[in-house]
1. Within the set of pairs 6 or more residues apart or between chains, which connect a residue that is hydroxyl-bearing (Ser, Thr, Tyr) inside the stretch 93-104 to a residue that is within 11 Å of the ligand (Cβ to nearest atom) with Cβ atoms less than 7 Å apart?
2. If I ask for residues that are crowded, with 19+ Cβ neighbours inside 10 Å and out of contact with any Phe, Trp or Tyr (no Cβ under 8 Å at 6 or more places or on another chain), which ones from the stretch 283-299 would you list?
3. Go over the candidates 270, 274 one by one and state the one that is loosely packed, with under 15 Cβ neighbours inside 10 Å, of a type outside the set (Phe, Trp, Tyr) and touching a residue at least 12 places away in the same chain (Cβ under 8 Å).
4. Is it the case that residue 89 is without any contact (Cβ under 8 Å) to a residue 24 or more places away in the chain, assigned to a loop (DSSP other than H, G, I, E, B), away from the ligand (no atom under 14 Å from the Cβ) and within 27 Å of residue 149 (Cβ to Cβ)?
5. With respect to residue 133, is the statement that it is in contact with an Asp or Glu (Cβ under 6 Å, 6 or more places away or on another chain) and not in a strand (DSSP E or B) true?
6. Taking the condition of being of a type outside the set (Ser, Thr, Tyr) and not in a helix (DSSP H, G or I), how many residues in the stretch 252-267 meet it?
7. Which of the residues that make up the stretch 138-164 are within 16 Å of the ligand (Cβ to nearest atom) and either free of Cβ contacts under 8 Å to residues at least 12 places away in the same chain or within 25 Å of the chain's Cα centre (by Cα) (or both)?
8. Going by the structure shown, is residue 96 out of contact with any strand residue (DSSP E or B) (no Cβ under 6 Å at 6 or more places or on another chain) and assigned to a loop (DSSP other than H, G, I, E, B)?
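The values are calculated or read from the model by the stated rules, or taken from the named source; none is laboratory data. Predicted model only: the values in this text are computed from it and were never measured. Every residue, glycine among them, receives a Cβ derived from its backbone with ideal geometry; neighbour counts consider all protein chains shown.
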Amino acid sequence: MLRSILIAAAALGCLTLSASPAFAAAPPYYPPVEWIPAAAGNYSVGRGGAAITTIVIHETDGSYLSAVHWFQNPRSHTSAHYLVRAWDGAIAQFVAESDMAYHVRSANPYTIGIEHEFWPRYGIWHTDAQYRASAQLTCAIARHYGIPIDRQHIVGHRELPGQDHTDPGPSWNWDYYMSLVRSCASSRAEGVARATSFQPSELDGAAKGPLVFGDQNPNVALLQWNLAYLGFMNADDLTAGSGNFGSLTRDAVSSFQTAKGLEPTGDYGAPSVAVMVTSLSGALAGLPTISLDVGLEQDEVTQVQTALNTLGYMDLVTGYYGPMTLDAITRFQQDNGIDTTGMYDSVTRMALAVELKHAREAAAAAQPVPGDATPELSPSDPLFRTLSLLTQ
Ligand SMILES: [Zn+2]
């Protein structure tokens with residue numbers, strides 16, 4: 001019993017751990033970055049009141065690792081905020097955006113510097129992965145500070161006044177890079193437009209029929225999560241992707257039909273739909289019956305946020321469907337193999353019901369077993385309070 005409490009406590013610990021301060025401060029629309037702090041003498045804390053207005057593109061003329069070592073070497077007096085690796089586009093961050101990296105002399109106070117691994121002498125060229133990762137980062141920075149997406153505000157090191165560097169050279173494809181940054185920014189604008197014109201619709205609980213072997217659509221995904229809730233499918237089998245009516249699903253439908261006294265055909269038709277509706281009654285209690293998307297502020301959003309909070313996807317419950325909720329829903333969908341729309345829909349609702357059920361079962365399993373000889377926790381122990389919250 002003590003062991004299971006310790007496991008529950010360890011799991012809780014993971015949920016409340018936070019990343020390094022600079023990383024945690026990044027808005028959710030930033031791409032993932034690895035935090036590798038520069039040596040203390042290679043940047044200044046703060047920017048002396050200057051506003052961030054310009055993003056500067058650099059080339060390393062050296063390997064990724066040599067750049068990392070250079071920024072970590074206190075004698076270099078050099079740094080950049082970010083470095084993008086050539087072969088896979090991985091991004092490392094060395095200096096918080098609120099601090100001044102040493103990369104462009106007198107332009108340091110108002111710029112954010114992005115280095116790009118590039119070393120043609122040793123066969124390291126710019127790659128598509130690198131362009132795309134860097135464009136996502138620039139798009140996010142521009143959004144964060146309201147920087148216009150044009151060549152006056154997204155510039156090369158060589159283009160700033162008073163520099164003796166010539167990077168980026170002719171290999172850097174400005175037209176391609178700016179088109180990637182612009183398309184990222186315009187898909188964001190479409191998201192906002194979609195939010196303002198969004199009309200909630202009624203959500204399905206049980207999947208609609210008929211569905212048969214070979215079908216491929218979101219309604220199949222809903223059926224699979226229905227079956228997972230009732231224990232006829234393993235939710236872990238769905239995390240790789242749902243929506244395909246294959247042999248696993250056919251077998252699960254047959255088991256469901258046998259258990260409910262129907263003929264086990266493996267096809268999900270009208271009789272199965274009717275039994276599914278009754279079997280799921282109560283399953284979705286507390287989860288809103290309408291679809292939700294960015295921009296809404298209402299009680300239903302609070303309900304979804306509460307569920308996401310219980311499952312460790314959100315820290316705050318605000319009732320407003322903003323970037324934090326969008327990010328939490330998106331991550332939940334990714335983790336569960338659901339189309340990552342960022343919207344609360346029928347499939348997401350059913351998957352939330354499944355994961356909440358599993359969380360409740362896990363919490364119940366962590367409870368002391370009656371007759372267990374291990375001493376009980378005192379109610380004043382913080383662990384006791386945490387566990388009772390979990391099992392409420
Ligand atoms: Zn440079």
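1. Qualifying pairs under 7 Å: 102/78.
2. Selection gives 284, 287.
3. Result of the check over 270, 274: 270.
4. Judged against the criteria, residue 89 is not a match.
5. Here the answer is no, as residue 133 does not meet what is asked.
6. 7
7. 138, 158, 159, 164 - these are the residues of the stretch 138-164 that are within 16 Å of the ligand (Cβ to nearest atom) and either free of Cβ contacts under 8 Å to residues at least 12 places away in the same chain or within 25 Å of the chain's Cα centre (by Cα) (or both).
8. Yes: the conditions hold for residue 96.
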